[in-house]
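I have placed the structure first, in the form of structure tokens, so that the comments after it can refer back to it.
The values are calculated or read from the model by the stated rules, or taken from the named source; none is laboratory data. Since the structure is predicted, the reported quantities are computational estimates derived from the model, not experimental observations. Cβ placement follows ideal geometry from the backbone for every residue including glycine, while neighbour counts extend to all protein chains displayed.
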Amino acid sequence: MMDAPAYRQTLKTLNETLRAEIAALESGDISVLESSTPAKLAAISALQLSPIVESDAETDALIREGAELCEQAALRVNLLLAGVERRLAVLSRAAGHAPEVRYGRNGRMDGGYRTLDLDCA
């Protein structure tokens, strides 16, 4: 069981790791991304396994900051993905292999590279 100061310290560690990942995404530093991922996952696991502590202003602020950092990271990743998709589309069209892209009834893109199983994981 994690006490309140340890819980807050884990939140601080997680937020610091998220800041490092955002900076690495902006600079394209893959080594920082690779090294920060285990620390981030360890902090997330520790928070998941611990009971939620009594809420106070500092803990709430750290949780809100973490949520904002996660959102920033997700936006940055989506921007990078969009750039890669544009470059792939240009290269594919030049090679004559571009997938057909159309918008479905739900307003989302059908076809394109996001729907292909690229087995990148």
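Quick notes on this one:
- Scanning region 7-52 for residues that are small (G, A, S) and in contact (Cβ under 8 Å) with a residue 24 or more places away in the chain returns A39, A43, A46, S50.
- Those residues of region 53-82 which are under 17 Å from E21 (Cα atoms), touching a residue at least 24 places away in the same chain (Cβ under 8 Å) and not aliphatic (A, V, I, L, M), in sequence order: E65, G66, C70, Q72, R76
- All of (1) farther than 19 Å from L11 by Cβ; (2) surrounded by 12 or more Cβ atoms within 10 Å (Cβ to Cβ); (3) among the β-branched types (V, I, T); (4) at pLDDT 90 or above hold for I22 with one exception: (1).
- Residue, modelled with the lowest pLDDT, within region 71-121, restricted to residues that are acidic (D, E) and over 18 Å from E26 (Cβ atoms): D119
- Count of region 25-41 residues which are among the charged types (D, E, K, R) and surrounded by fewer than 14 Cβ atoms within 10 Å (Cβ to Cβ): 2
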